Amino acid sequence: MSKTVNYILNVATKKAERAMKGLSGEAKRLDSQFMTTTKSIGRGMAMVGAAVVAAAGATVAFGQKMADLANNLADTATKTGLTTDTIAGLKLAAEGSGLSLGSLTQGLLRFQSSMAESAEGTGKAAEAFAKLGISATDGSGSLRDANSVFLEVTDALAAMGNETERNATL
């Protein structure tokens, strides 16, 4: 009986050894897969991190562009006497026509000179303002604010049906 027990134990031991070797191989395969997956996750996290950094950089750049635009609008408004809303609308229209805010600003500065000339009652500007039915001065003889006068001029010009007459007025 001891031979039988030994035989059974040997067979059982060999089966256990084979099973252990199989488990060891399976553990190595799982370890390799785990390492590959971990590396992929690491690369993915690095890409996500890079994307977050890029997005943050783009947000900062956008914020800077917006601040620059606001400063340009405020500077132009201060120089011309028009509101930033009016300047923003004119900038959009100018850029749609291929002009820059800088070239538009020069014309708006000339508008202030035209207002002053009209207030004196002399020159072409006085004639143009009179033809449009617009006064550059208030009841006390002081210059009105440029934005109000500018909006009245643009409305009066838009109301003129004849383009030739409108261009001649300018």
| task | From (1) over 37 Å from the mean Cα position of the chain (by Cα); (2) modelled with pLDDT under 90, pick out the condition that doesn't hold for Ala136. | result | (2)
| request: Return yes when Glu117 is more than 18 Å from Thr86 (Cα to Cα) and open to solvent by 80 Å² or more (accessible area, probe 1.4 Å) and no when it is not. | output: no
| List pairs: first in the stretch 101-124 and farther than 16 Å from Ser142 by Cα, second open to solvent by 60 Å² or more (accessible area, probe 1.4 Å), Cβ under 6 Å, 6+ apart or cross-chain? | Gly123/Glu117
| said: Can you find a residue that is surrounded by 14 or more Cβ atoms within 10 Å (Cβ to Cβ), part of a helix (DSSP H, G or I) and among the hydroxyl-bearing types (Ser, Thr, Tyr) anywhere in the stretch 126-139? | reply: no
| note | The condition of being touching a helix residue (DSSP H, G or I) at 6+ places or on another chain (Cβ under 6 Å), in contact (Cβ under 8 Å) with a residue 60 or more places away in the chain and not hydroxyl-bearing (Ser, Thr, Tyr) holds, among Leu73, Leu82, only for Leu82
| request: Mind listing whichever residues of the stretch 79-114 are among the basic types (Lys, Arg) and open to solvent by 70 Å² or more (accessible area, probe 1.4 Å)? | output: Lys79, Arg110
| In the stretch 134-170, which residues are among the β-branched types (Val, Ile, Thr) and under 14 Å from Ser113 (Cα atoms)? | Thr137, Val149
| remark: Ser148 vs (1) part of a helix (DSSP H, G or I); (2) surrounded by 13 or more Cβ atoms within 10 Å (Cβ to Cβ); (3) touching a helix residue (DSSP H, G or I) at 6+ places or on another chain (Cβ under 9 Å): all pass except (3)
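The values are calculated or read from the model by the stated rules, or taken from the named source; none is laboratory data. The structure presented is a predicted model; accordingly, all values stated were derived computationally and were not measured. Using ideal geometry, Cβ is built from the backbone for each residue, glycine included, and neighbour counts are taken over all protein chains shown. Only protein heavy atoms, including side chains, enter the accessible area calculation; ligands, DNA and RNA are left aside. Shrake-Rupley method; radii C 1.70, N 1.55, O 1.52, S 1.80 Å.
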